[in-house]
Amino acid sequence: MTIAEIQARVKEVGARKVVEEAITRARADAKHAVLEVIETRALKRADEVDAKLQKGENAGRLAGVPFLAKDNILTFDSKTTASSHMLENFEAPYQATVIEKLEAEGAICVGKTNLDAFAHGGSTENSYFGPTKNTYDDERVAGGSSGGSAVAVATGIVPFALGSDTGGSIRQPASYNGVVGLKPTYGSVSRYGVVAMASSTDVVGPITTSVEDARLVLDVIKGVDERDGTTIEIEPLLSTDKKLKIGVIRQCFGEGVDESVVRTTNETIEKLKAAGHTVDEVDLPTFRHALAVYYIVVPAELTSNLARYDGIKYGTQKDGADLTTVYEASRSAGFMDENKRRILIGNYVLSSGYYDAYYRKAQTVRTLIINEFNKAFSEHDILLSPTAPTPAFKLGENTGDPLQMYLADMMTVPASLAGVSAISVPAGTTETGLPVGVQLIAPMRQDSVVLSAAQQLEALC
Amino acid sequence: MSSISIDDVKKLAGLSALMVTDSEAAALVEQLNEILGFVEQLNDVDTTGVEPTYQVTGLENVWREDELIDYNLSREALLKNAPDSQDGQIKVKRVLT
């Protein structure tokens, strides 16, 4: 279901009816993609849109279009749980800038989607409320951490959903469920009102069924926000069909990459060549170390961001004999095992005596990764790789082995560390019908290039 | 780089305001050492003369006017999420004992 199709339906039956239909689909969700439905506020806003439309007034670029937001994005008239016990009953007193911007264009938030608790994970199995199932196979994972958003779009509940991407959390679940997932340039979208994970890579972006829809949603949510001092402007999102110079990242075809992924990616490359694009291989030797950098930098940043959860101002509180015990009991009860692992790793790599060996070293290797990207972009418009090394894996397959779980992010984390724009586009399926996505990467601020390339690729697949 | 012991895990847990049981600590020792073993590959990367990158936008000192922004929030709305409050204040256990 595309945004244009929903807009046609709004024209036909009105926003209220369209929103009611989306809510009915959200309530019938069989995959556990949706955590909560927002009904009262959504219907009230639908009526406001209908009133404007009846008067012939401009109701916005997304008038009456229902959407879902990952449950780490603050919304009115709902809980914002981050899929955690810690925030199980948290009701945000204000809304995220991205929600305000979408509402200003007439879009209507009809609910919240499942994620790995605090967005720590790549399968949505770390959700306190239980996993989301893959769109194509109930025994397989949705991917993550924006698994609920990807499945909600893939199963046709809403035409678009918001996710957040710290190391692949939009792109990888999009790949696993056969939808489009855009990680915009770092800083291009405000994070005001988004539960913080790793502040140097977190970015909010859309999951959609078409590249055109991703462009439209990004165009609405992007922009400098006085309430988020890390925001920057990107280049205008113009569409072009100029032939591209594409670099295929050689380091993404080694050990651990599933045969079906290699085949689908190679088929895509052949289609791009046949369509007149120039394709060659490019070497990014430090790419293979990106995951190690990521699992130092991100725990270091998130352990600081999660220090605020003390069970006092908001969140789950457990009683104890003294204040320290209250903190410890609340945090121990409120966080999942993966949250705790990452907090501990983060504090370890930042601790006296290890800071230089781990944290500073990782940030230095990060510079090398950025330099290699810059060199590759001096010779190519766009870089291409698979989005993930495998199609969706089985539920429970990696839960006992954190490191194995981390490997699912190996192809998405380099773009996160470099802050560049990246997208996952459905490219094909495995012999058993599981979707496989291809990732396209362009320099910072060139989201227009990523979107134009993705649109051309989409037309070929 | 060294490996983490069970005492290290307990000390880290204390620094992180987390409680870990003995059996949790034993599992964590194994998992954390596996992760740290994985990231030690960075020792193989020559970073001589390379500066670290802590953020990618290059923004520095983003200023705004020092003025009050009205968030239109009531005290009740802000206290609603506090687990324990009284007389319009968040209640905390005694800090100095």
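The values are calculated or read from the model by the stated rules, or taken from the named source; none is laboratory data. Please read these numbers as outputs of a predicted model, since none were measured by experiment. Please note: Cβ atoms are built from the backbone with ideal geometry, for glycine as well, and neighbour counts cover all protein chains shown. These area figures cover heavy atoms from the full protein model, side chains too; ligands, DNA and RNA do not enter into them. Shrake-Rupley method; radii C 1.70, N 1.55, O 1.52, S 1.80 Å.
If you check A:Gly106 against the conditions, is it farther than 28 Å from A:Ala290 by Cβ, touching a Leu at 6+ places or on another chain (Cβ under 6 Å), in a loop (DSSP other than H, G, I, E, B) and at pLDDT 95 or above?
Details: farther than 28 Å from A:Ala290 by Cβ: yes; touching a Leu at 6+ places or on another chain (Cβ under 6 Å): yes; in a loop (DSSP other than H, G, I, E, B): yes; at pLDDT 95 or above: yes.
Here the answer is yes, as A:Gly106 does meet what is asked.
For the range A:297-315, which residues satisfy the criterion of being open to solvent by less than 30 Å² (accessible area, probe 1.4 Å), under 17 Å from A:Asn72 (Cα atoms) and assigned to a loop (DSSP other than H, G, I, E, B)? Within the range A:297-315, A:Tyr309, A:Gly315 qualify. Annotation: A:Lys318 fulfils all but one of (1) within 13 Å of chain B (Cβ to nearest Cβ); (2) of a type in the set (D, E, K, R); (3) assigned to a helix (DSSP H, G or I); the unmet one is (3). Among the residues making up the range B:66-90, those that are charged (D, E, K, R) and at the interface with another protein chain (Cβ under 9 Å from one of its Cβ atoms) are B:Lys80, B:Asp84.
I'd like to know if the range A:72-86 contains one or more residues that are modelled with pLDDT of 95 or more, open to solvent by less than 10 Å² (accessible area, probe 1.4 Å), out of contact with any helix residue (DSSP H, G or I) (no Cβ under 7 Å at 6 or more places or on another chain) and not polar (S, T, N, Q). No, the range A:72-86 has no match at all.
The condition (being surrounded by fewer than 21 Cβ atoms within 10 Å (Cβ to Cβ), under 30 Å from A:Gln404 (Cβ atoms) and either in contact (Cβ under 8 Å) with a residue 40 or more places away in the chain or in contact with a strand residue (DSSP E or B) (Cβ under 7 Å, 6 or more places away or on another chain) (or both)) is satisfied by just one residue among A:Ser239, A:Ser175, A:Ser199: A:Ser199.
Scanning the range A:333-355 for residues that are within 19 Å of A:Thr399 (Cβ to Cβ), within 9 Å of chain B (Cβ to nearest Cβ) and open to solvent by 30 Å² or more (accessible area, probe 1.4 Å) yields a count of 1. Mind checking whether some residue in the range A:129-144 is within 12 Å of the chain's Cα centre (by Cα) and over 11 Å from A:Lys31 (Cα atoms)? Yes, that holds for at least one residue. A residue that is part of a loop (DSSP other than H, G, I, E, B), under 29 Å from A:Gly229 (Cα atoms) and open to solvent by 100 Å² or more (accessible area, probe 1.4 Å) cannot be found anywhere in the range B:84-97.
With respect to A:Thr324, is the statement that it is open to solvent by less than 20 Å² (accessible area, probe 1.4 Å) and without any contact (Cβ under 8 Å) to a residue 60 or more places away in the chain true? No; evaluated as a whole, the condition is false for this residue.
The number of residues in the range B:41-53 that are surrounded by 13 or more Cβ atoms within 10 Å (Cβ to Cβ) and under 24 Å from A:Leu302 (Cβ atoms) comes to 6. A Cβ distance below 6 Å, combined with a sequence gap of six or more or placement on separate chains, defines the contacts here; from the range A:78-101, residues that are on the phi > 0 side of the Ramachandran plot and more than 10 Å from chain B (Cβ to nearest Cβ) reach no residue that is surrounded by fewer than 24 Cβ atoms within 10 Å (Cβ to Cβ) and outside any loop (DSSP other than H, G, I, E, B). For the range A:36-52, the criterion of being over 22 Å from A:Leu216 (Cβ atoms), in a strand (DSSP E or B) and either open to solvent by 40 Å² or more (accessible area, probe 1.4 Å) or not charged (D, E, K, R) (or both) is met by at least one residue.
Of all residues in the range A:410-421, those that are touching a Pro at 6+ places or on another chain (Cβ under 9 Å) and more than 10 Å from chain B (Cβ to nearest Cβ) total 3. The condition (being part of a helix (DSSP H, G or I) and either in contact (Cβ under 8 Å) with a residue 60 or more places away in the chain or basic (Lys, Arg) (or both)) is satisfied by just one residue among A:Asn347, A:Asn339: A:Asn339. Within the range B:55-97, the set of residues being in contact with a Lys or Arg (Cβ under 7 Å, 6 or more places away or on another chain) and of a type in the set (Asp, Glu) comprises B:Asp84 only. Of the residues making up the range B:27-40, those that are open to solvent by less than 30 Å² (accessible area, probe 1.4 Å) and closer than 25 Å to A:Gly419 by Cα are B:Ile35, B:Leu36, B:Val39.
Scanning the range A:211-233 for residues that are part of a loop (DSSP other than H, G, I, E, B) and open to solvent by 20 Å² or more (accessible area, probe 1.4 Å) yields A:Val224, A:Glu226, A:Arg227, A:Gly229, A:Thr230, A:Glu233. Scanning the range A:139-156 for residues that are open to solvent by 20 Å² or more (accessible area, probe 1.4 Å) and either over 22 Å from A:Ala22 (Cα atoms) or polar (S, T, N, Q) (or both) gives A:Glu139, A:Arg140, A:Thr155.
Is it fair to say B:Glu60 is more than 9 Å from chain A (Cβ to nearest Cβ), in a helix (DSSP H, G or I) and not polar (S, T, N, Q)? Spell out the reasoning first.
Working: more than 9 Å from chain A (Cβ to nearest Cβ): yes; in a helix (DSSP H, G or I): no; not polar (S, T, N, Q): yes.
No; evaluated as a whole, the condition is false for this residue.
In the range B:1-26, of all residues being more than 9 Å from chain A (Cβ to nearest Cβ) and of a type in the set (A, V, I, L, M, F, W, C), the one that is surrounded by the most Cβ atoms within 10 Å (Cβ to Cβ) corresponds to B:Ala25.
For the range B:40-54, the tally of residues that are touching a His at 6+ places or on another chain (Cβ under 9 Å) and facing chain A (nearest Cβ under 7 Å) stands at 3.
Within the range A:417-461, restricting attention to residues that are over 30 Å from A:Ala362 (Cα atoms) and charged (D, E, K, R), the residue that is nearest to the chain's Cα centre (by Cα) is A:Glu458.
From the list A:Arg191, A:Arg227, exactly one residue is within 14 Å of chain B (Cβ to nearest Cβ), touching an Asp or Glu at 6+ places or on another chain (Cβ under 6 Å) and among the basic types (Lys, Arg). Which is it? Even if it seems obvious, please write down each step before you answer.
Working: A:Arg227 fails: touching an Asp or Glu at 6+ places or on another chain (Cβ under 6 Å).
Testing whether each residue is within 14 Å of chain B (Cβ to nearest Cβ), touching an Asp or Glu at 6+ places or on another chain (Cβ under 6 Å) and among the basic types (Lys, Arg) leaves just A:Arg191.
Screening the range A:359-409 for residues that are acidic (Asp, Glu) and either surrounded by fewer than 21 Cβ atoms within 10 Å (Cβ to Cβ) or not in a loop (DSSP other than H, G, I, E, B) (or both) and picking the one that is farthest from the other protein chains (Cβ to nearest Cβ) gives A:Glu379.
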